[in-house]
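The structure appears below as structure tokens.
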Amino acid sequence: MLRLFDDIEDIHLDVPNVYEQLQTLLKQLEERKVLNHDLTASLPQKGRKR
């Protein structure tokens, strides 16, 4: 997961809604107790449009 967080800006170029998809996935994994809140809270925030 942390590698994904590191590369998310590059992935965003090819998959514009990657932040929303990742947020949904992390929420589901946290609800199922696969990931803890500390990891899900470290999700990078989407940069603002310029």
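The numbers here are math on the coordinates, done by the rules we state, and not lab data. Quick caveat, the model's predicted, so the values are computed rather than measured. Here the Cβ is made from the backbone with ideal geometry for all residues, glycine too, and neighbour counts use every protein chain on show.
Has the stretch 31-44 got any residue that is under 10 Å from the mean Cα position of the chain (by Cα), in a helix (DSSP H, G or I) and loosely packed, with under 11 Cβ neighbours inside 10 Å?
Checked against the condition, which is being under 10 Å from the mean Cα position of the chain (by Cα), in a helix (DSSP H, G or I) and loosely packed, with under 11 Cβ neighbours inside 10 Å, the stretch 31-44 yields at least one hit.
Every residue in the stretch 11-24 that is more than 16 Å from Gln45 (Cβ to Cβ) and in a helix (DSSP H, G or I), please. Don't jump to the end; show me each part of the working.
In the first step, residues of the stretch 11-24 are kept if they are more than 16 Å from Gln45 (Cβ to Cβ); the result is 13-15.
Answer for the stretch 11-24, where residues must be more than 16 Å from Gln45 (Cβ to Cβ) and in a helix (DSSP H, G or I): Leu13, Asp14.
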